[in-house]
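Student: Would you mind keeping the following structure in view while I ask a few things?
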Amino acid sequence: MKARVLWVVKGLGPGGAEQLLVAAARAHDPARFDIECAYVLPWKDHLAEQLEHAGVPTHCVSVKRHDRRWPLHLRELIRNGNFDIVHVHSPLPGSVARMAVRTMPQATRPAVVCTEHNVWSTHNVFTRWANRLTGRWDAKVLAVTEESRLSMHGPMAAHAETLSHGIDVATVATQRSHRDAVRAEFGIGDHEFVVGTVANFREQKDYPNLLAAARLLVDRGLQVRFVAVGQGPLETEMRARCDELGLADAVTFTGFRDDATRVMAAADVFTLASKWEGLPVALMEALALGLPIVATNVGGVGEAMHDGVDALLVAPSDPPALADALQRVCSDQNLRERLAVASVARASEFDVRRAVQRLEQVYAELARPQLEAAAPGAPPNATSPAPKPARRRLPQGMEIRAATPDDRPAILELGQQSLGWGVDPRYQQLYAWKHDQNAFGPSPTWVATDAGRVVGLRAFMRWEFTRGGTVMRAVRAVDTATHPDYQGKGLFTALTLHGLDEMLADGVDFVFNTPNTKSRPGYLKMGWQTVGRLPAAARVAGPISAISTMRSHVSARHWSLPLTVGEPFLEWLDREGFQARAAIHPSAVRDMRTNVSESFLRWR
């Protein structure tokens, strides 16, 4: 039986802790663990695609950019996800996750594991205390460095274990072959000595220290080029500072790069100028690339490396000391080669498989009681089916069956009685368009009957999505109607659950809906999960068209109103052709989009 694990993080930006999750996801055993990841900040999703590639589904618990309801969404995900382990990697979301777990019945409550990536003094006071107060509920506490473990207080500190995470050393090492290509890409000459760094623009990384050291080296006449990979809130300020120091020709800011290790391969030495650190992923990657290391003696850097043996370590916030160490490596080829050999020798100590092996041991120990309770006596690899909602029994004499063409008049009459459909023939045309003419196929439809009379309706409209080149079959739970005399008898629930069973047997990938406030409680009661809010947008060509469109926007109760802007879509499609559709973009791997074809566009 597999253990289900939920990772909880603040964001999936290109930071070190997030990169560790990607490396761990690729190394985990999918036969033993089903892992998913929840994150809070929707604009920090750079690594979500890589996690999806590694088989870890991601959930953004914020529906919009600044969503204050994200704690409720995270709580709902945890309560409905049937997880055995909730593993928190960020203190504030972690505190919320712990409280969500604590409110669950003890029989279904997952165990909580915490990994601390930084020393507690780097958190604000509120976060620190929330972490401390809720951390007493953790079943296991891990710290990526000894310094971060020793910085903890309260119950968490009593049973914390230091577990340094890692990277895929062999994969990173292959990037060395790109050295010449990257140097050519950035216009770096053979005579230039390249100092590389990978660090986001935050106070922690102390770019003022790095730029001041760069200015000193240039003043000393060294032909040195700094290449910095990263992004962040201080980027504009640091670019301005670079210009003020006259370093435009000596410093290259690449911005965010999804091939950061490839860029690092162009360097002759790797440096970090940080004020504080955990155990930086970039440092481990530099070791795997065989680069000499020059860094500030802080946090996990000082714990892992030894000054003069496998790195040159200097005091933080000391530009002359950093410049002196870089100059030593630049001017002393023997020292440079010795440090490079030491880096290669140390790299294997930071292989992710070692960390994942221990982490999986923790997961297995904590998940075993839940798994055994869920399926006593089951074989170790048995898969426990998800519990099904209880079925509502229909009153005697009633039945549910698939709708037939002969039922259409009764269905339309039921819509008039239940949904307020009028005698306008466009209702019949609309129903046929949705359920008969659909480009993805006719809709599976069921009716509830009482002595042969149609008193209930449920239709699932077929749909297709694409994700990473794979077509996913889906159905959208759309039209539902119950005769007024039969409302409150469970027909909505019975018809919906019957449809779900039919779709499971049909092999569709998932069923979805966009319920209104009236129907949403019924869906949630049946066990459906809220996963987000569908974005909607309109694209206009130029300000004049925008003004015309806004002025023409008048709400229509049932039917679209004629517009005086644009042109009929089918006429445009006939003229420009299917390939000219400007609004359709190639789908990224983690994006899920409608499977658009010309037949779909003409139907839609």
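The values are calculated or read from the model by the stated rules, or taken from the named source; none is laboratory data. If you're wondering where the values come from, they're calculated on a predicted model, not measured in any experiment. For neighbour counting, all protein chains shown are included, and Cβ atoms are generated from backbone atoms with ideal geometry for every residue, glycine included. Areas reflect the complete protein model, heavy atoms only, side chains present, ligands, DNA and RNA absent. Shrake-Rupley method; radii C 1.70, N 1.55, O 1.52, S 1.80 Å.
Student: Please give the number of the condition Val309 fails out of (1) closer than 18 Å to Leu210 by Cβ; (2) of a type in the set (A, V, I, L, M, F, W, C); (3) open to solvent by 50 Å² or more (accessible area, probe 1.4 Å).
Tutor: (1)
Student: Are there any pairs with C-beta distances below 7 angstrom linking a residue in the stretch 346-366 that is basic (Lys, Arg) to a residue that is part of a helix (DSSP H, G or I), with the two at least 6 apart or on different chains, and if so which?
Tutor: Arg346/Leu287; Arg353/Ala27
Student: Let me ask you something else. Give the stretch 384-404 a look and list any residue that's modelled with pLDDT of 90 or more and either of a type in the set (Ser, Thr, Tyr) or not in a strand (DSSP E or B) (or both), or say none.
Tutor: Passing the criteria: Ala403, Thr404.
Student: Here is a list: His87, His59. Which entry is open to solvent by less than 40 Å² (accessible area, probe 1.4 Å), touching a helix residue (DSSP H, G or I) at 6+ places or on another chain (Cβ under 9 Å), in contact (Cβ under 8 Å) with a residue 60 or more places away in the chain and not in a helix (DSSP H, G or I)?
Tutor: Result of the check over His87, His59: His87.
Yes or no, residue by residue, for (1) of a type in the set (S, T, N, Q); (2) under 27 Å from Leu163 (Cα atoms):
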| position | (1), (2) |
| --- | --- |
| Gly232 | no, no |
| Thr252 | yes, no |
| Phe256 | no, no |
| Asp259 | no, yes |
| Ser274 | yes, yes |
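Student: Which one is farthest from the chain's Cα centre (by Cα), of the residues in the stretch 259-284 that are polar (S, T, N, Q) and open to solvent by less than 20 Å² (accessible area, probe 1.4 Å)?
Tutor: Thr271
Student: If you don't mind, there's one more thing I want to ask. Kindly list, by first and then second residue, each pair from a residue in the stretch 121-136 that is free of Cβ contacts under 8 Å to residues at least 24 places away in the same chain to a residue that is open to solvent by 20 Å² or more (accessible area, probe 1.4 Å) and assigned to a helix (DSSP H, G or I), limited to pairs with Cβ atoms under 8 Å and residues at least 6 apart or on different chains.
Tutor: Arg136/Pro155
Student: Still on this structure, I have one more. Give the number of residues within the stretch 327-366 that are more than 29 Å from Val86 (Cβ to Cβ) and at pLDDT 90 or above.
Tutor: Number satisfying all stated conditions: 21.
Student: Return the pair list, or none, for Cβ contacts closer than 7 Å from residues in the stretch 137-153 that are under 11 Å from Glu303 (Cβ atoms) and touching a residue at least 40 places away in the same chain (Cβ under 8 Å) to residues that are of a type in the set (S, T, N, Q) and surrounded by fewer than 19 Cβ atoms within 10 Å (Cβ to Cβ), at least 6 apart or on different chains.
Tutor: Thr145/Thr162; Glu146/Thr162
Student: Same structure again: What's the total number of residues in the stretch 249-258 that are more than 29 Å from Ser148 (Cα to Cα), open to solvent by 30 Å² or more (accessible area, probe 1.4 Å) and part of a loop (DSSP other than H, G, I, E, B)?
Tutor: 1
Student: Go through the stretch 107-151 and give me each residue that's within 19 Å of Leu359 (Cβ to Cβ), of a type in the set (Gly, Ala, Ser) and open to solvent by 20 Å² or more (accessible area, probe 1.4 Å).
Tutor: Ala139
Student: Only one of Gln231, Gln223 is open to solvent by 10 Å² or more (accessible area, probe 1.4 Å) and in contact with a Gly (Cβ under 6 Å, 6 or more places away or on another chain). Can you tell me which?
Tutor: Within the list Gln231, Gln223, the selection yields Gln231.
Student: Scan the stretch 169-196 for residues that are at pLDDT below 90 and either open to solvent by less than 50 Å² (accessible area, probe 1.4 Å) or under 23 Å from Val298 (Cα atoms) (or both) and jot them down.
Tutor: Listed by number, the list holds a single entry, Gly189.
Student: Examine the stretch 324-345 for a residue that is under 35 Å from the mean Cα position of the chain (by Cα), open to solvent by 30 Å² or more (accessible area, probe 1.4 Å) and in contact (Cβ under 8 Å) with a residue 40 or more places away in the chain, and state whether such a residue exists.
Tutor: There is at least one residue in the stretch 324-345 that is under 35 Å from the mean Cα position of the chain (by Cα), open to solvent by 30 Å² or more (accessible area, probe 1.4 Å) and in contact (Cβ under 8 Å) with a residue 40 or more places away in the chain.
Student: Could you tell me whether Asp34 is open to solvent by 20 Å² or more (accessible area, probe 1.4 Å), in contact with a Leu (Cβ under 7 Å, 6 or more places away or on another chain) and of a type outside the set (Lys, Arg)?
Tutor: Judged against the criteria, Asp34 is not a match.
Student: Are there any helices (runs of 4 or more DSSP H) wholly within the stretch 284-372 with 2 or more residues that are more than 18 Å from Glu146 (Cα to Cα), and if so which?
Tutor: 319-331, 333-347
Student: Hey, does the stretch 505-527 have a residue that's open to solvent by less than 40 Å² (accessible area, probe 1.4 Å), in a loop (DSSP other than H, G, I, E, B) and among the β-branched types (Val, Ile, Thr)?
Tutor: Looking for residues that are open to solvent by less than 40 Å² (accessible area, probe 1.4 Å), in a loop (DSSP other than H, G, I, E, B) and among the β-branched types (Val, Ile, Thr), one finds at least one in the stretch 505-527, hence yes.
Student: Given the conditions (1) open to solvent by less than 20 Å² (accessible area, probe 1.4 Å); (2) in contact with a helix residue (DSSP H, G or I) (Cβ under 6 Å, 6 or more places away or on another chain), which single one is not true for Ile400?
Tutor: Status for Ile400: all satisfied but (1).
Student: Can I ask one more? Select, from Pro484, Pro409, the only residue that is touching a Ser or Thr at 6+ places or on another chain (Cβ under 7 Å), open to solvent by 50 Å² or more (accessible area, probe 1.4 Å) and farther than 22 Å from Ala505 by Cα.
Tutor: Just a single option satisfies the conditions, and that option is Pro484.
Student: Another question, if that's okay. Does the stretch 529-538 contain any residue that is modelled with pLDDT under 65, over 22 Å from the mean Cα position of the chain (by Cα), exposed (fewer than 10 other Cβ atoms within 10 Å of the Cβ) and of a type outside the set (Val, Ile, Thr)?
Tutor: yes
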